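Here the structure is laid out as structure tokens; the discussion comes afterwards.
Quick note: the coordinates plus some simple rules give every number you see, no bench work behind them. All values derive from a computational prediction rather than experimental measurement. For neighbour counting, all protein chains shown are included, and Cβ atoms are generated from backbone atoms with ideal geometry for every residue, glycine included.
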Amino acid sequence: MLESIMQSTKVELGKKLTQNGVNSNQMDDVFGLAQDTILNNFKSSATKGDLDGILNLFNGKQSIQSSSMVKNIIGDYAGQLISKLGFSQSTANTIAGLAIPFIMNMINKKTPESGLAENDLISMLGSSAFTGGKNSVLGKLKNLF
């Protein structure tokens, strides 16, 4: 799901990013890093047991603008843009502040009116976040017993 959303945002969001310091030859890296950062943050939240926080974000129970999860993703993404792609802090903050809310809004637009259920979230994030390894949700549950 996220990969198709990323593809659909490239034209419109790409124009905004170009106006804010992203060269066309950096665009694929910028979008790839955004996708990875979003997925990694969601997987981290999910493995910590915060499925409801993610679901609330996409089921309209929490606004994107006020979400601490989205703010964390923006900060993480800005840091990744600096460390991995060499953007200045100012440019990275601008890119992250534009890209992450834009992508989150696109995800919300693709969310069915009935909302997302846990199985939809598992599908979006990939089942390995829930079933694979000691840091998965099931892995953490096993450690409790």
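All other residues whose Cβ lies under 14 angstrom from that of Q7 are scored, Lys and Arg at +1 and Asp and Glu at -1, for a net of -1. Around the amide H of F87, modelled in the peptide plane, lie the amide H atoms of I82, all under 5 Å away and 5 or more residues distant in sequence or on another chain.
Suppose R0 equals 30 Å. What FRET efficiency, 1/(1 + (r/R0)^6) with r the Cβ-Cβ distance, do N59 and Q35 give to the nearest 0.05? Efficiency at R0 = 30 Å is approximately 0.90. Taking 1.567 mPa s as the viscosity and 4 °C as the temperature, the Stokes-Einstein diffusion coefficient of the range 26-86 based on its alpha-carbon Kirkwood radius rounds to 106 µm²/s. Our coupling estimate for the range 101-110, obtained by passing each phi through the Karplus curve with A = 6.51, B = -1.76, C = 1.60 and θ = phi - 60°, is x, 4, 5, 4, 5, 5, 4, 4, 5, 8 Hz, Gly and Pro reported as x.
In order along the range 10-17, the Karplus-derived 3J(HN,Hα) couplings, from 6.51 cos²θ - 1.76 cosθ + 1.60 at θ = phi - 60°, round to 4, 6, 5, 5, x, 4, 5, 5 Hz, and Gly and Pro are given as x.
Each label point was placed 7 Å from the Cα along the Cα-to-Cβ direction; for S83 and S8 their separation is 3.2 nm.
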